[in-house]
1. Would you mind calculating the relative contact order of region 6-235 from Cα pairs under 8 angstrom and at least 6 residues apart, reporting the percent as a whole number?
2. Ranked from highest to lowest mean number of other Cβ atoms within 10 Å per residue, what is the order of the peptides 83-94, 68-79?
3. Using the per-residue mean of other Cβ atoms lying within 10 Å as a proxy for protection, in what order, highest first, do the peptides 251-260, 48-57 fall?
4. Suppose the chain between residue 5 and residue 152 were pulled fully straight at 0.36 nm per residue; how much longer would it get relative to their current alpha carbon spacing?
5. How far is it, in nm, from the label point at residue 206 to the one at residue 30 when both lie 7 Å from their Cα along the line to the Cβ?
6. Mind checking the angle between helix 93-105 and the chain's longest principal axis? C-alpha axes, 0 to 90 degrees, to the nearest 10.
7. Based on alpha-carbon centroids, what's the gap between region 70-93 and region 186-263 in Å, whole number please?
8. What is the packing order of peptides 23-32, 191-200, taking the mean over residues of other C-beta atoms within 10 Å and listing the highest first?
């Protein structure tokens with residue numbers, strides 16, 4: 001299969017629905033890549049899915065670099081995007097360029113950062129520096145404290161207009177795609193029709209140019225987290241739990257290891 005690149009993703013607009021998933025480790029990334037997903041995001045959602053945090057805010061830059069590095073070893077076909085964690089780009093333009101560049105040095109082919117018009121000038125600087133940028137507007141998890149929780153954004157006409165304006169600002173700044181998260185389907189549809197770069201939805205309805213979800217959500221690895229916008233394709237929590245229980249039971253009852261799992265001294269000739 002042909003390698004997915006930034007220019008290719010841009011050309012998908014109106015021609016191909018884009019598929020995207022997160023991945024945080026080598027083995028999972030290899031499976032996702034071989035399955036033919038177009039974009040793999042090393043998301044700062046690693047904080048809530050892998051680290052057991054309540055939000056993405058505590059995730060550190062060095063942690064994003066580590067996970068990007070190990071995921072990049074597995075990815076052959078998909079476009080690999082590294083997430084910019086909280087305070088990796090908000091502090092200064094030089095910090096943003098340096099941190100984004102470090103993600104590229106670890107194997108990312110683009111970076112994603114949250115925000116609309118307020119980060120447009122920064123995105124322009126990143127793009128001029130040779131760093132492709134994926135935008136992210138709507139429900140932006142790094143602003144959870146500002147929102148007062150994980151709340152759907154753009155539910156009124158004025159707030160919807162603001163998000164649409166943000167999308168246009170991001171396109172003008174040079175993003176190659178925009179993640180639309182947690183907004184009414186109608187708003188996402190308007191944005192998709194208002195910009196010439198692909199929109200990738202998560203909790204944004206059916207009319208985006210693509211969809212992205214968190215890998216652990218579609219695999220059903222956390223029974224306590226089942227948001228409405230996620231379709232669960234496996235109940236891997238129970239599958240893994242049952243496998244571990246079966247292993248423990250076999251060990252305790254002397255069924256493992258059996259003859260097929262052991263080594264013997266070589267017989268003298």
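1. Working: 473 pairs, mean separation 41.8, N = 230.
Averaging sequence separation for qualifying contacts and normalising by length gives 18 percent for region 6-235.
2. Values: 83-94: 18.0, 68-79: 20.2.
Descending mean neighbour count gives 68-79, 83-94.
3. Numbers: 251-260: 9.1, 48-57: 15.0.
With the highest mean Cβ count within 10 Å placed first, the list reads 48-57, 251-260.
4. Working: separation 147, 0.36 × 147 = 52.92 nm, distance 3.11 nm.
Result for the pair: 49.8 nm of gain on full extension.
5. Here the modelled spin labels are 3.8 nm apart.
6. 40
7. 21
8. Values: 23-32: 19.2, 191-200: 20.8.
Going by the mean number of other Cβ atoms within 10 Å, highest first, we get 191-200, 23-32.
Coordinate-derived values only; no laboratory data. Computed from a prediction, not measured in an experiment: that's the story for all the values here. Every residue, glycine as well, gets a Cβ built from its backbone with ideal geometry; the counts of neighbours run over all protein chains shown.
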